[in-house]
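Heads up: the structure comes next, in structure tokens.
The values are calculated or read from the model by the stated rules, or taken from the named source; none is laboratory data. Predicted, not measured: the structure shown is a model, and the values here were computed from it. For neighbour counting, all protein chains shown are included, and Cβ atoms are generated from backbone atoms with ideal geometry for every residue, glycine included.
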Amino acid sequence: MKRIRQFLAITELSARESIRQTTTLLLLLTMVAGCVLTPLAFMHDFGEDGQMARNTSLALHFLLGMFVAVTAAAGSLAREMQSGTAATVLSKPVGRATVLLAKFSGVAVMVVMFSIIAAVCTLLSHRIAERFFDQSDLFGYVKDLYTAAVLVISVIMAMLLAGFINYRTRRPFASWAFMLILAASLTALLLAGFYDQIGRFRPYNMHVAPAILGVSLLLTMALLVITAIAISISTVLPPTTTLAVCSVLFVAGLGSDHFFGGSTAAWSRIAYAIIPNWQHFWLADALNDGGSIPLRYLFYAAVYTVCYSTAVLAAGIWAFRKVDVQ
């Protein structure tokens with residue numbers, strides 16, 4: 001029971017520390033801005049209404065989420081090892097496995113919250129995108145500027161409220177801004193159900209594509225795998241090197257079929273088996289023409305995520321036990 005309390009305490013502290021980082025907030029704001037501006041900038045749909053806005057927002061979720069996960073995971077353990085905090089914690093005594101797993105859990109909580117905001121913004125971005133209406137009371141190409149305005153105003157209000165809380169109570173601005181943006185994005189999604197694409201009040205209907213959530217869930221799984229890799233590598237490498245290694249693995253995984261899939265060499269087969277193939281998590285094209293992700297595929301992806309993350313964290317625990325913590 002004591003070990004569980006220690007695990008939960010470290011997890012909570014790690015989650016707060018990850019959310020409090022300025023880099024996390026900047027990447028979050030970049031993602032939100034990209035989701036709002038993308039549908040307003042594109043003038044072509046390339047065969048399907050909202051496709052470009054949807055795919056671009058999902059790409060921002062994946063790419064920026066990778067940087068959020070790696071920077072938070074790489075710095076979470078490394079900073080404490082450099083400052084001596086890790087040595088103090090380990091002398092309690094708290095097992096190194098408990099510390100590493102709690103650090104991973106804390107960063108994973110932040111990554112999941114980031115993904116929730118990204119998924120909501122992707123739904124709204126797809127709704128904002130220009131589409132053609134052929135109805136008795138609405139004909140022609142329409143962009144949902146009202147939803148764009150609601151999302152932007154909600155985020156701005158969240159930032160102002162976070163600044164006010166920081167001014168009055170001296171509580172961290174970044175963490176409050178992160179949490180309030182999460183609440184603001186969900187509020188914008190709920191408010192969007194009260195009106196249609198040209199701002200007319202109608203019976204409640206969000207006018208979003210729920211199938212997008214399937215791809216967002218897959219991307220969240222991919223980010224959790226990256227988090228496990230980053231937290232394990234950070235036990236032996238500094239944050240900058242961890243970010244570089246994870247970036248290489250990210251690029252290699254995106255081109256895994258091209259780099260390693262067609263070769264019969266032993267090293268190529270080993271690399272193909274070890275390096276995650278991120279294309280299995282990137283199924284945005286499956287949404288074309290009203291498609292969706294099968295539940296069976298989501299289940300298999302979840303099993304892969306759990307098994308791969310467990311193996312990587314086990315290797316990280318082994319490496320952490322070999323490290324001399326000052």
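The table below gives the values:
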item	result
Some residue of the stretch 255-263 being among the charged types (D, E, K, R) and touching a residue at least 12 places away in the same chain (Cβ under 8 Å)	yes
Among (1) touching a helix residue (DSSP H, G or I) at 6+ places or on another chain (Cβ under 7 Å); (2) part of a helix (DSSP H, G or I); (3) closer than 23 Å to L26 by Cα - the single one Y167 does not satisfy	(1)
Lone qualifier among S232, S175, S185, S216 - being among the polar types (S, T, N, Q), assigned to a helix (DSSP H, G or I) and touching a Lys or Arg at 6+ places or on another chain (Cβ under 9 Å)	S175
Qualifying residue in the stretch 258-276 (condition: in contact with a Ser or Thr (Cβ under 7 Å, 6 or more places away or on another chain), modelled with pLDDT under 90, surrounded by fewer than 21 Cβ atoms within 10 Å (Cβ to Cβ) and not hydrophobic (A, V, I, L, M, F, W, C))	yes
Residues of the stretch 173-213 classified as among the small types (G, A, S), crowded, with 21+ Cβ neighbours inside 10 Å and closer than 25 Å to D289 by Cβ, total	1
Among the residues listed as L254, L217, L249, L243, the single one being under 17 Å from S57 (Cα atoms), out of contact with any strand residue (DSSP E or B) (no Cβ under 8 Å at 6 or more places or on another chain) and at pLDDT 85 or above	L217
Criterion: modelled with pLDDT of 85 or more and either more than 20 Å from the chain's Cα centre (by Cα) or among the hydroxyl-bearing types (S, T, Y) (or both) - qualifying residue of F133, F139, F164, F178	F164
Filter result (over 17 Å from L217 (Cβ atoms), assigned to a helix (DSSP H, G or I) and polar (S, T, N, Q)) within the stretch 290-326	T310
Test: A69 is at pLDDT 85 or above and in a helix (DSSP H, G or I)	yes
Only listed residue being in a helix (DSSP H, G or I), modelled with pLDDT under 90 and not small (G, A, S), chosen from L287, L237	L287
When residues of the stretch 297-326 are limited to those that are β-branched (V, I, T) and surrounded by fewer than 16 Cβ atoms within 10 Å (Cβ to Cβ), the one farthest from H280 (Cα to Cα)	V323
